[in-house]
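Reviewing the structure listed below.
The values are calculated or read from the model by the stated rules, or taken from the named source; none is laboratory data. Note that this is a predicted model, so its numbers are computed, not measured. Don't worry about glycine lacking a Cβ; one is built from the backbone with ideal geometry, like all the others, and counts go over all protein chains shown. These area figures cover heavy atoms from the full protein model, side chains too; ligands, DNA and RNA do not enter into them. Shrake-Rupley method; radii C 1.70, N 1.55, O 1.52, S 1.80 Å.
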Amino acid sequence: NTMVDRITPAAGPEHSAILESEYGVRDACPVIAEPFGQWIVQDVFHNGRPQWEKVGVTFVPDVAPYKIMKTKLLNGGHSALAYLSILCGYTEVDDALNNEDLEDFTRGYMSEVAMIIPPVPFVDIPEYRKVLLQRFKNPHLKDKLDRLAMDGTGKVYHTMRESILELTAEGHPTPHLALALAAFFKFMTGEDYSGRKTHIVDHNDSRMLEPCRHAVETGDPAPALDVLFGPDIAANSAFVKSVSAQLLAMRDAGPMDALKQMLQQAKEA
């Protein structure tokens, strides 16, 4: 049982340009990866253990806490950032995070879901969140928001469902999760608020289209939440109301102003 964590976007001409301008190397298809790397391996071997710790592997009795941390914070943070940033007109992760409000949103999202992450051996969760945000902001990665937005129904289900259930069960507010989902539902209608087409690559797009259109047009996200997560979250009236408020705010004020309103309300809460 293992977990690997390293951001490795697909290579593009912008990466070749950075490589040539900063290092004097011409490469039409460089392999791009961030400096950070984490490889967690369960310490269960039956015929001796390889000395992978010499190359940075961390051996642990249980990989599960590390997977939970990565899924909720890194993967969930990527998805939360992606759809809202696309609606705000951005195409690359680092450019989006140069916007102070989107950076505050991403930081707040991580803080929100971190409340239900169990302790992780050898990891300081607040420091991990701080480092994670800096990793997202790496200007050399030029990571595409469309890449993060691919296969959204699967990603959002696996990264956000348990967080919603656990946070609402404990009575915690979830404004960042609500706005992230409202943005996802608008993205899945096929266009943003200015009429630009959104680039949907999702095997469930046909199932989500009509419920998402209904959510955006009426402010009622329950059918979309039901298709995406199942009836338990769709029946959570408080969470449905929270997502509805964000849908209506984006419809009436646009995604950027809705984001500003949410951030201000979260500060005052």
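Whole-Hz ³J(HN,Hα) for each residue in region 19-35, computed from phi via Karplus 6.51 cos²θ - 1.76 cosθ + 1.60 with θ = phi - 60°, x for glycine and proline: what do you get?
4, 6, 6, 9, 10, x, 10, 9, 8, 6, 9, x, 8, 9, 8, 6, x
Mind grabbing the accessible area of Val31 for me, 1.4 Å probe, Å², rounded to tens?
140 Å²
So who's got an amide H within less than 5 Å of the one on Glu191, skipping anything under 5 residues away but keeping other chains? H placed 1.01 Å off N, in plane.
So Glu191 has HN proximity to Thr198.
From Cα coordinates alone, what are the radius of gyration and Dmax values for the chain in angstrom?
19.4, 63
Quote the FRET efficiency, to the nearest 0.05, computed for His140 versus Ser206 with a Förster distance R0 of 41 Å and r equal to the Cβ-Cβ distance.
0.65
Go through region 253-269 residue by residue and turn each phi into a ³J(HN,Hα) via Karplus (6.51, -1.76, 1.60, θ = phi - 60°); whole Hz please, and just put x for glycine and proline.
10, x, x, 5, 5, 4, 4, 4, 4, 4, 4, 5, 5, 5, 5, 7, 5
Please give the length that would be gained between Lys241 and Glu162 if that part of the chain were fully extended, namely 0.36 nm times their separation in residues minus their C-alpha to C-alpha distance (nm, one decimal).
26.6 nm
Compare Lys70, Lys197, Lys155 in a GNM of the chain, Cα atoms joined below 10 Å, and give the one with the largest fluctuation.
The residue that fluctuates most here is Lys197.
Would you look at the GNM of the chain, springs on alpha carbons closer than 10 Å, and say which of Pro231, Pro221, Pro13 moves the most?
Pro13
With all distinct Cα pairs included, what does the Kirkwood hydrodynamic radius of region 101-204 come out to in Å, to one decimal, could you say?
One over the average 1/r among Cα pairs gives 15.5 Å for region 101-204.
As a test of the formula, what do you get for the chain when each DSSP H run with n ≥ 4 contributes -39,500 (n - 2.57) and the sum is divided by the residue count, at 222 nm and rounded to the nearest 500 deg cm²/dmol?
Computed mean residue ellipticity for the chain: -17500 deg cm²/dmol.
So what J values fall out for region 39-50 if you push phi through Karplus, 6.51 cos²θ - 1.76 cosθ + 1.60 with θ = phi - 60°, rounded to Hz, Gly and Pro as x?
Residue by residue, region 39-50 yields 10, 9, 10, 5, 7, 9, 10, 10, 8, x, 10, x Hz.
On a 0 to 90° scale, report how tilted helix 205-218 is relative to the longest principal axis of the chain, with both axes built from alpha carbons and the result rounded to the nearest 10.
Once rounded, one gets 50 degrees.
How big, in percent, is the set of alpha carbon pairs in region 2-83 lying more than 15 Å apart?
Summing the P(r) tail past 15 Å for region 2-83 gives 69 percent.
Just how much of Tyr83 is accessible, in Å², when a 1.4 Å probe is used and the result is rounded to the nearest 10?
The value for Tyr83 is about 0 Å².
When only the heavy atoms of the protein chains count and the probe is 1.4 Å, how do Leu165, Leu228 rank by accessible area, highest first? Intermediate values should be presented prior to the final figure.
Numbers: Leu165 50, Leu228 15 Å².
Of Leu165, Leu228, the descending order of accessible area is Leu165, Leu228.
Any idea of the accessible area per residue across the chain, 1.4 Å probe, to the nearest Å²?
48 Å²
In terms of solvent-accessible area of protein heavy atoms at a 1.4 angstrom probe, what is the ranking of His46, His172, highest value first?
Highest to lowest solvent-accessible surface, that is His46, His172.
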